[in-house]
Ligand code: ADP
């Protein structure tokens, strides 16, 4: 069975990587869809986000990174992907994630959304917090791998 994990990954964090490594064990193939959403403002370009994800997951054999501009559901249907993976950290994620899951279900009932609970070590962790820390030169070692921390520091140098 194939699954897809979509997100902005601006940038990818240890929280995302935890979800990815766990989902990769559950499914034969896991696609990571890096959003190329033109209406959203990102710190990193979609190419940069794509390359950072690719470098971070190079050790995982059944994981492939793709850049997607349109609807994830349509991409999934075209590629026989049956499961959409999302991560849940705290209760405040729930409403937003429920809206996305219901919208996707309306688009197609062939795709099932599966939520993985964040590991407690990562439940406080987000890309926006990593960006904020980087801006003020904070310690990023618990948030992102070293190569991502370097990219973040470059952006704010
Ligand atoms: P989006 O803009 O689609 O929310 P993100 O890159 O912020 O993209 O997140 C992608 C998915 O990963 C979402 O389901 C989000 O809840 C989840 N996620 C983000 N950070 C963590 C974390 N620390 N632990 C578990 N899941 C997370």
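Observations on the structure shown:
- Given R0 = 25 Å, the distance between the Cβ atoms of residue 156 and residue 25 translates into a calculated FRET efficiency of 0.10.
- Cut-off 20 Å, label 7 Å out along Cα→Cβ of residue 115, residues of segment 1-19 by amide N: 3-9, 15-19
- In degrees, nearest ten, helix 91-107 long axis to first principal axis of the chain (Cα): 40
- DSSP beta bridge pairing in the chain, given as percent antiparallel to the nearest 5: 0
- Using C-alpha pairs below 8 Å separated by at least 6 residues, the relative contact order for the chain is 29 percent.
- FRET efficiency, 1/(1 + (r/R0)^6) with R0 41 Å, evaluated for residue 137 and residue 78 via beta carbons: 0.40
- The tail of the calculated P(r) for segment 56-157 beyond 20 Å holds 56 percent of all Cα-Cα pairs.
- Computed from the Kirkwood radius of its Cα pairs, the Stokes-Einstein diffusion coefficient for segment 4-104 at 4 °C and 1.567 mPa s stands at 92 µm²/s.
- Within the listed set 87, 138, 15, the Gaussian network model of the chain (springs between alpha-carbon atoms below 10 Å) gives the highest mean-square fluctuation for 138.
Every read-out reported here was derived from the displayed coordinates using simple, explicitly stated rules and does not represent laboratory data. This structure is a prediction, so every number in the text was calculated from the model and none was measured. For neighbour counting, all protein chains shown are included, and Cβ atoms are generated from backbone atoms with ideal geometry for every residue, glycine included.
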